[in-house]
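Undergrad: Have a look at this one.
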Amino acid sequence: MVEGIVTERAGQKITVFVPEEGKYYRGIPLGKVRKKDRIYAGDRVTGRLVDSTTFAIEAIKERKNLLVRPPIANVDKVVVVATIESPPFQSYLMDNLLVVYGFLGIEAVVVFNKVDILSEEGRKELDKWVKVYSDAGYTVIPVSAETGEGLDRLSEELSGVTSIFAGASGVGKSSIISKLTGEHLRVGEVSEKTERGRHTTREVRLIPFKGGFIGDAPGFSRVEALNFMDKEQVRLYFPEFLNYQCRFSDCLHVNEEGCEVTEAVKRGEIACERYKNYLKMIHEFVPWLSEVEGC
Ligand SMILES: Nc1nc2c(ncn2[C@@H]2O[C@H](COP(=O)(O)OP(=O)(O)O)[C@@H](O)[C@H]2O)c(=O)[nH]1
Ligand SMILES: [Mg+2]
Ligand SMILES: [Zn+2]
């Protein structure tokens, strides 16, 4: 019995990487597997090496998770990439992505790219946002795909795990993956066509990286948390809110009596920017909400 990981699934063609051999095989699912389940990139499979190029897949191991965009199983981490300038930072997009991936149970690493071209003003902005997201409990890494700054730290975060990259178009996701893995990914290409109605079923490939894998297709470039979950759930994916115990356990942190989260915002322990984005996310459901003093 041999273990492998599916690195590519393109139509009927399945590629299996066998770490033990350090080699790729053509995966052939046996009848019982084929009938039972579809196979995805990221699947851990067991089976037999039939010859020097063929892996007979006898079973798919239970999946930790299965992402639809990109279609990859067993994703451990998402690198949410943003820039401070060019394009300008969109904190609402960042917070939505963090909430959605949190909900999907995938650990997020926040990366600010293009630090090589920051203006003086931009540097200050960067420092501010690094503090906001670090204080919220995330790992935050400023990088430059251009100069390589910060990429050592990022590659440490990605060693031994399966990761994907998400974030707006043009922030440098493909550039960072290319720089890290040495694989040529098309840079400057807008691959978000699917969001404008056209459904291109882009195949994903997992690129081996430091004992783990990086997905070569981008995750979400924009999301609205409420398309994924109920408004009552959004607060659970602002990790810094979880440090506070409100009087009511179902407190939405809007203007309830005994809300410790709004008190923490007033005291400056929770970043106003994060709290405001939270309100914006659930806003259409809480039209009565009032502003918090000093925020
Ligand atoms: N100055 C600078 N430009 C970058 C950096 N990373 C990416 N770019 C440029 O930003 C543009 C978009 O990059 P790309 O990797 O295609 O972004 P993606 O849409 O997120 O995959 C390209 O013109 C890249 O050359 C960086 O760290 N510094
Ligand atoms: Mg790209
Ligand atoms: Zn509360």
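The values are calculated or read from the model by the stated rules, or taken from the named source; none is laboratory data. Every value quoted in this text rests on a predicted model; they were computed, and no experiment measured them. Note: accessible area is taken over every heavy atom of the protein model, side chains too, but ligands, DNA and RNA are not part of it. Shrake-Rupley method; radii C 1.70, N 1.55, O 1.52, S 1.80 Å.
Undergrad: In whole Å, what three semi-axes, largest first, describe the equivalent ellipsoid of the stretch 2-61 built from its Cα gyration tensor (square root of 5 times each eigenvalue)?
TA: After scaling each eigenvalue by five and taking roots: 16, 12, 10 Å.
Undergrad: Ignoring ligands, DNA and RNA, please state the percent of accessible area on the stretch 28-180 from carbon and sulfur, probe 1.4 Å.
TA: About 50 percent, which is the carbon plus sulfur part of the accessible surface.
Undergrad: For the chain, what is the percent of antiparallel DSSP beta bridges, rounded to the nearest 5?
TA: Here the share of antiparallel DSSP bridges comes out near 55 percent.
Undergrad: At 1.4 Å probe size, what's the solvent-accessible area of ASP216? Round to the nearest 10 Å².
TA: 20
Undergrad: Which value in Å does the Kirkwood hydrodynamic radius of the stretch 67-215 take, with 1/r averaged over all unlike C-alpha pairs and then inverted?
TA: Kirkwood hydrodynamic radius for the stretch 67-215: 15.7 Å.
Undergrad: What is the extension gain from GLU121 to ARG26, computed as 0.36 nm multiplied by their sequence separation minus the C-alpha to C-alpha distance, in nm to one decimal?
TA: Taking 0.36 nm per residue and subtracting the Cα distance, the gain is 29.0 nm.
Undergrad: Using Cα springs under 10 Å in a Gaussian network model of the chain, which residue among LYS35, LYS231, LYS210 shows the largest mean-square fluctuation?
TA: LYS35
Undergrad: Name the long-range amide H neighbours of VAL45: under 5 Å, sequence gap of 5 or more, or other chain; modelled H, no Pro or chain starts.
TA: Those lying under 5 Å, H to H, from VAL45 are GLY4, ILE5, VAL6, LYS61.
Undergrad: Can you tell me the Rg and Dmax of the stretch 230-285, counting just the alpha carbons, in angstroms?
TA: Expressed in Å, the Cα Rg and Dmax of the stretch 230-285 come to 10.2, 28.
Undergrad: Kindly report the accessible area of the stretch 2-61 per residue (heavy atoms of protein chains, probe 1.4 Å, no ligands, DNA or RNA), in Å².
TA: Counting only protein heavy atoms, the per-residue value for the stretch 2-61 is 53 Å².
Undergrad: While we're looking at this one, here's another question. Taking the chain, how much of its Cα-Cα pair set, in percent, is spaced more than 27 angstrom apart?
TA: Counting every Cα pair in the chain, those more than 27 Å apart make up 47 percent.
Undergrad: Before rounding to the nearest 500, sum -39500 (n - 2.57) across all DSSP H runs of length at least 4 in the chain and divide by the residue total; then give [θ] at 222 nm in deg cm²/dmol.
TA: So the helix-based figure for the chain works out to -7000 deg cm²/dmol.
Undergrad: Another question, then. Mind checking the full-extension length gain between SER134 and GLU232? Use 0.36 nm per residue of separation minus the Cα-Cα distance, one decimal, nm.
TA: Result for the pair: 32.8 nm of gain on full extension.
Undergrad: Here's a follow-up. Using a 1.4 angstrom probe on the protein heavy atoms only, could you order TYR24, TYR92 from most to least accessible area?
TA: TYR24, TYR92
Undergrad: A follow-up question, please. Which number do you get for Rg(Cα) / (2.2 N^0.38 Å) in the stretch 119-163?
TA: The value comes to 1.31.
Undergrad: Which percent of the accessible heavy-atom area of the stretch 230-285 goes to carbon and sulfur, probe 1.4 angstrom?
TA: Whole-percent figure for carbon plus sulfur exposure: 43.
Undergrad: Running a GNM on the chain with Cα contacts under 10 Å, which residue among LYS131, LYS36, LYS179 ends up with the highest mean-square fluctuation?
TA: Most flexible of the set in this elastic network: LYS36.
Undergrad: Grab every C-alpha pair in the stretch 76-132, bin the distances at 10 angstrom width from 0 up to the longest one, and report whole percents.
TA: With 10 Å bins starting at 0, P(r) equals 23, 51, 22, 4.
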